[in-house]
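I have placed the structure first, in the form of structure tokens, so that the comments after it can refer back to it.
Where a number appears in this text, it was derived from the coordinates with a stated rule and is not lab data. Keep in mind that what you see is a predicted model, and the values were worked out from it rather than measured. Here the Cβ positions follow ideal geometry from the backbone for every residue, glycine too, while neighbour counts run over all protein chains shown.
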Amino acid sequence: MVSLKSGSTSEPTDASAQMNTAAMICKGVWKVFGPNAERFLAEHDSKASYEELIAAGLIGAVRDVNLEIRQGEIFVIMGLSGSGKSTLVRCMSRLIEPTAGEVFFEGQDLLKMPEKDLIEIRRHKMGMVFQHFALLPHLTVLGNVAFPLEVQGIDRATREQTACELIELVGLKGREDYYPRELSGGQQQRVGIARSLAVKPEIWLLDEPFSALDPLIRREMQDELMRLQNMLHKTIVFITHDFYESIRLADRIAIMNNGGIIQIGTPEDLVTNPATDHVADFTRDIPRPKVLSARSVMAPVDDRLTFTSSVPAETKIEVLAADIVDQKGPIGVTDGEGKIIGQITPEAVFDVLLHRGTKE
């Protein structure tokens with residue numbers, strides 16, 4: 001499990017190699033609100049505690065964040081309201097100016113980049129979707145989706161062709177001439193998603209994009225996001241306060257509290273090995289069968305057994321539960337190459353289903 005605490009000073013052993021494999025890297029990122037915040041941080045060597053900030057009358061919205069977002073992953077940042085997650089994602093794009101730190105994108109520190117160059121990156125390489133759809137009411141669906149390309153100076157025929165392709169991609173073909181007021185909330189958010197994809201972004205920043213939607217529509221949009229990701233393979237930073245949403249979408253999750261990151265890991269990591277009581281509270285009521293995989297509950301292989309069936313190691317317990325009920329004995333667990341790496345018994349599955357023997 002990868003776990004980064006707020007205040008961590010660890011550095012990669014090979015920075016250049018890290019830059020080549022990561023979509024974005026944050027190093028020691030701070031956003032402190034209040035008078036003389038930069039001077040205060042400098043005087044404390046960027047290591048001020050939460051209590052010291054409060055005593056100085058300052059608000060540490062983001063505190064010494066260190067993280068690496070990998071190419072092609074869905075990286076979820078979650079926390080309660082006021083934890084700093086939305087401020088952090090805005091620091092990543094410099095929509096909010098960080099007080100200190102470094103944000104590397106394609107090997108360049110965005111915080112040292114001239115405003116003109118930063119605007120070009122936002123226009124051509126970053127897609128952004130926010131909780132409030134922010135569609136332009138006087139433009140049709142076609143006009144809204146094509147708008148970023150118009151800003152880039154792309155000719156009308158090309159931008160409208162691209163927009164039509166994206167409108168079809170998000171399931172709104174036939175509504176090109178509708179205005180935002182004529183669409184449901186879910187349809188409006190699909191327009192926002194299509195618009196953000198128009199620039200063919202290298203990284204996609206989604207700040208609680210489904211929070212304003214009704215539960216059924218929200219789940220539908222989560223499914224839509226997963227469908228698009230399976231097709232497009234984008235690097236996605238997704239902000240939410242909902243752990244259920246996180247475990248449906250995330251490759252990895254960073255949990256924030258009081259502006260700092262307290263743990264980073266896969267959903268399974270966080271459920272099985274919470275680093276703090278705060279993380280344990282987040283994961284306590286999560287149904288284990290939805291999160292735990294065959295790998296997490298498998299036992300070493302008994303060489304005396306011959307397995308009549310097997311499952312991939314990443315198969316969730318929820319998925320294999322129905323099939324294993326009729327098994328008389330263990331089934332094999334395989335790696336990505338089909339090699340048996342462990343075994344799982346019906347009893348082990350029942351323990352997960354009944355929440356026996358798992359950490360609280």
Q.
Relative contact order for region 178-289: what percent, with Cα pairs under 8 Å and sequence separation of 6 or more?
A. 18 percent
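So, by mean Cβ neighbours within 10 angstrom, what's the order for 154-164, 238-248, 93-103 with the highest one leading?
Numbers: 154-164: 15.4, 238-248: 20.4, 93-103: 17.7.
Going from most to least packed, we get 238-248, 93-103, 154-164.
Take the alpha-carbon positions of region 217-360, form their convex hull, and give its projected area averaged over all directions (one quarter of the hull surface) in nm². Before the final figure, lay out each step's value.
On the way: hull surface 41.6 nm².
Averaged projected area of region 217-360's Cα convex hull equals 10.4 nm².
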Q: Give Lys47/Lys200; Lys31/Lys125; Lys85/Lys200; Lys173/Lys234; Lys27/Lys116 a once-over and call out the pairs whose C-alpha atoms are over 27 Å from each other.
A: Lys47/Lys200
Q) One-quarter of the Cα convex hull surface for the chain, in nm²? A) 21.7 nm²
Q: Would you mind pulling out the separation of the Cα centroids of region 151-182 and region 258-313, in Å?
A: 42 Å
(Q) Please report the antiparallel percentage of DSSP beta bridges with both residues in region 289-353, rounded to the nearest 5. (A) 65 percent
Q. So what is the diffusion coefficient of region 289-353 in µm² per second by Stokes-Einstein at 10 °C and 1.306 mPa s, using a Kirkwood Rh over Cα pairs?
A. 139 µm²/s
Q: Please report the relative contact order for the chain, taking Cα pairs under 8 Å with a sequence separation of at least 6, and give it as a percent rounded to a whole number.
A: 19 percent
Q | Phi-based couplings in Hz for region 50-57 (Karplus 6.51, -1.76, 1.60; Gly and Pro marked x) | A | 4, 5, 5, 5, 4, 4, 8, x
Q: Would you mind pulling out the separation of the Cα centroids of region 56-130 and region 193-218, in Å?
A: 17 Å
Q: Show the residues, 5+ positions off or on another chain, whose built amide H is closer than 5 Å to the amide H of Thr315.
A: Ala294, Arg295
